[in-house]
Amino acid sequence: SSSSRRLTVDSIETYYGDSHVLFDVSLSVGDGEIVALVGRNGAGKTTTLRSIMGLTPAKSGRIEKDGESIHGLDPHQVRKRGISWIPEERRVFGGLTVDENLRLAAHTADTDQRERIEEVYDRFSRLDERRTQKAGTMSGGEQQMLAIARALLGPETDLLLLDEPSEGLAPQIVKDVESIIRELNEEGVTVLLVEQNAEMALGLADRAYVLETGEIVHESSADELLADRSAMEQYLGVQ
Ligand code: ATP
């Protein structure tokens, strides 16, 4: 039923100027799920997230959060509906300390900022140890952790859109990022995970969609896709 759906994307068409990038894209994310959106370079994964956030609005189709339309809202309004996006570039302020980064992110929240920041430090001990370190001097994994922590400050988040959180990270650090995602999900955060690293994403996800040149070409449980060697090879280039 639509009431257990955190997110519904129905038949969206998205353009950059005259360039048509998403064709009739439909997907859904149920309350509490981790859903992977995978596909090769340039397939339109980031554009799907940008459409959901209202950064590159879909020209047509339907986008709903908890059964209510968010299509046409600007990114700030979408954020207030509980959707938080972590872009590929992991926006952290490299010249600022960890604590300054968190204070800036918490600035727009209504609740007691300091209390929420301390909750973040309880959850991410690696950030706690580095409160006064400049973010730009941290490892890629630590910066990803800080980006996730920043996304969780500000308005209450119940749907996290993650764009390639494993990009550029060493395998051991990817494992740390996986644990964070799993842990957040266990605490009730629903996740839509965009990944180039299909095996990582499918290992975490409940269900999966494959995008190919702007179209959804496969939808199944993550386990089913992982076990489907011809689909893995055809769509994702995994041997
Ligand atoms: P990647 O993992 O390489 O980022 P992706 O699946 O996220 O790939 P998108 O970034 O969504 O793919 O790009 C989809 C298509 O839209 C590509 O052909 C890309 O060149 C094009 N595109 C992306 N951003 C723009 C833009 N700002 N203007 C014009 N075309 C764009």
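The values are calculated or read from the model by the stated rules, or taken from the named source; none is laboratory data. Given the structure is predicted, the values throughout are model-derived calculations rather than measurements. Cβ coordinates were reconstructed from backbone atoms using ideal geometry, including for glycine residues, and neighbour counts include every protein chain displayed. All accessible areas refer to the heavy atoms of the entire protein, side chains included, with ligands and DNA or RNA removed. Shrake-Rupley method; radii C 1.70, N 1.55, O 1.52, S 1.80 Å.
Summary of values
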| item | result |
| --- | --- |
| For the chain: accessible area per residue (Å², 1.4 Å) | 46 Å² |
| Shape of the range 80-201, Cα gyration tensor, a/c cut at 1.5 | oblate |
| Of Ala135, Ala227, Ala149, the one that fluctuates the most in a GNM where the chain has Cα springs shorter than 10 Å | Ala227 |
| Assigned charges on the beta-carbon of Lys, Arg, Asp, Glu; the range 21-155 dipole about Cα centre (debye) | 520 debye |
| Per-selection Kirkwood Rh - the range 1-121 (Cα, Å, 1 d.p.) | 16.2 Å |
| Reference-scaled alpha-carbon Rg (2.2 N^0.38 Å with N residues) for the chain | 0.99 |
| With every protein chain in place, the range 39-93: carbon and sulfur % of accessible area (1.4 Å) | 47 percent |
| His71 - accessible surface, heavy atoms, 1.4 Å probe, Å² rounded to 10 | 60 Å² |
| Residue with peak Gaussian network fluctuation, the chain [Cα springs, cutoff 10 Å], from Thr132, Thr190, Thr48 | Thr132 |
